[in-house]
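K.L.:
Okay, here's the structure, questions in a sec.
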Amino acid sequence: MNVKMWGLILAGGVITAISIGLEVMYSFSLLKPNPAAFYYVPGGIDYAGEFLALIGLVLILAGSLFTRERGK
């Protein structure tokens, strides 16, 4: 098992899952007062979720660099 590869990929997956949770919580907070009057304004939690999603994606892609090439 390639620990470098799977460590980065799993860490990126966990961070991406946290970012999805933040984005969903922020969306539900906008729908809470009146769902018919939905008005999207990006806020601090929204930016934090997007930033964490970007960090998670970078970790997943960095983990893919450590894959072994098979068939050589």
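K.L.:
Taking the solvent-accessible surface of protein heavy atoms with a 1.4 Å probe, what is the per residue accessible area of the range 3-71 in Å²?
P.N.:
73
K.L.:
Lys/Arg Cβ at +1, Asp/Glu Cβ at -1, dipole of the chain taken about the Cα centre: which of SER64, GLY12, MET25 is farthest positive-ward?
P.N.:
SER64
K.L.:
Now for a separate question. Distance in nm between label sites at PHE28 and LEU10, each 7 Å beyond Cα in the beta-carbon direction?
P.N.:
2.8
K.L.:
A further question follows. So for each of 39-45, 4-10 I average, over its residues, the number of other beta carbons within 10 Å; can you give me the resulting order with the highest mean first?
P.N.:
On the way: 39-45: 9.3, 4-10: 15.1.
Highest-to-lowest ranking by the protection proxy: 4-10, 39-45.
K.L.:
So I have (i) 34, 12, 10; (ii) 36, 9, 9; (iii) 24, 18, 11, and one of them is semi-axes √(5λ) of the Cα gyration tensor in Å calculated from this model. Which one is it?
P.N.:
(ii)
K.L.:
Still on this structure, I have one more. Quick one: pull the percent of accessible area on the range 3-71 belonging to carbon and sulfur, 1.4 Å probe, ligands and nucleic acids left out.
P.N.:
The computed percentage sits at 75.
The values are calculated or read from the model by the stated rules, or taken from the named source; none is laboratory data. This one's a predicted model, so the numbers in the text were calculated from it and none came from an experiment. Cβ: placed from backbone, ideal geometry, glycine included. Neighbour counts: every protein chain shown. Quick note on the areas: whole protein, heavy atoms, side chains included, nothing else; ligands and nucleic acids left out. Shrake-Rupley method; radii C 1.70, N 1.55, O 1.52, S 1.80 Å.
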